[in-house]
1. Along the positive direction of the dipole of the range 96-192 (beta-carbon charges: Lys, Arg +1; Asp, Glu -1; about the Cα centre), which of S164, A122, T180 reaches farthest?
2. How much length would be gained if the chain were fully extended between S33 and Y196, taking 0.36 nm per residue of separation minus their Cα-Cα distance, in nm to one decimal?
3. Have a look at E216, E63, E114 and tell me which one the Gaussian network model of the chain (Cα, springs below 10 Å) gives the largest fluctuation.
4. Alpha carbon centre of the range 29-92 versus the range 110-142: separation in Å?
5. Tell me which chymotrypsin sites (Phe, Trp or Tyr not before Pro) from the range 228-326 have a DSSP coil assignment and no more than 14 other beta carbons within 10 Å of their own.
6. Using a basic spin-label model with each label point 7 Å from the Cα along Cα→Cβ, how many nm lie between R183 and Q56?
7. Stretched out fully, how many nm does the piece from Q110 to F137 gain, at 0.36 nm a residue minus the Cα gap?
8. Would you calculate a helix-derived [θ] at 222 nm for the chain, using -39,500 (n - 2.57) for each DSSP H run of n ≥ 4 and dividing by the full residue count, to the nearest 500?
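Bear in mind that the values in this text are calculations on the coordinates, not laboratory data. All values reported here derive from a predicted model rather than from experimental measurement. Heads up, the Cβs are rebuilt from the backbone with ideal geometry, glycines too, and the neighbour counts pull from every protein chain shown.
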Amino acid sequence: MQNLLFNGRWAHDNGVSRASAPAASITFNAKASKITFTVEGLSRWRLDRDGKPIEQFEVDAKEERAIKVQDDGAFHKYRFIKISESGSPEIKFYGITLEGEFGDAPKPSQRRIEFIGDSFTAGYGCEGSSAEDAPEFDKTNASKSFAYLLASGFNADYQVNAFSGRGLVRNYDNIVPDWTMERLYNYTVMGSVTSYSKPELWNFEKFHPQVIVIFEGINDFQGNPPYADKGKFKKAYVKLLEKLRKSHPGVKFLLVSTKVWPNDDLGPTIKEIYDSEIAAGHKDLEYKHVFTSNVGLHGHPDTHSQEELANTLRPVIARLGRWLSR
């Protein structure tokens, strides 16, 4: 796999790579007429060529999926993107074969960004045309999430560590209460932590983002009560910031909030955290309250709203990272 560049959290064991994160991807340069991917696990994928989508497909059981591409005698950059998200079981990637030849592996970007969040960040239901336009598996597309749009637009290497229904300290409707993001975030393959007696812990030395966008708390304060204890939430949020500062010296943060129902507790709570951080002398973070048109599946942002989110956050991220758009 020396010709491949992986983005997202991946576990590599004995020639097999495992992942569950939305928008986890594999990038490579090739001159080819046919590309064959060997993948296992219920998932949806998109293949891009030079940044433009050329094929989209679904797999379940282990299979070889062959895609014919135009061979013009030139090398092109391909990206194989997992557009389904963490809630599905892990996927296993066994490799790529070509009718053609690989070029040199793409060089890692000088820009690195991480997103930490939930269904809004994962692109859950964004292709739905209404609240009931199910099933969610078919309507979720992480490559159309604001997170992927921003990473791609900045030409940055990235991680999208997002999991639908999970909150920082309290999950939506209190589902699986032992596995909130506070705990899940420590693992490489979040979607399959309960399938292993000793799931692999993530090594934070493998990826040092320069900017981290945190959009957490929707599930903590939404759904059926009881909601998260605000004191516990604030403590866990600050603990996460401290952990990330220690793991990634010099990193910058964008703290994001939005309106939640029924009590709209998220915005004021995140703002209080931000104000406390500033008062404590931290100058490495900014805060943004965003508004979304939640007309996609199950009251989530649709593709248009995801694009608006990306446009809203782009100038703040550019300022934090000192990045131009490209």
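1. Checked the options; the winner is T180.
2. Here the segment from S33 to Y196 would lengthen by 54.8 nm.
3. Comparing E216, E63, E114 in a Gaussian network model of the chain, the most mobile one is E63.
4. 19 Å
5. F291
6. In this crude spin-label approximation the distance works out to 3.5 nm.
7. Gain in length upon complete extension: 6.4 nm.
8. One gets -6500 deg cm²/dmol as the mean residue ellipticity at 222 nm.
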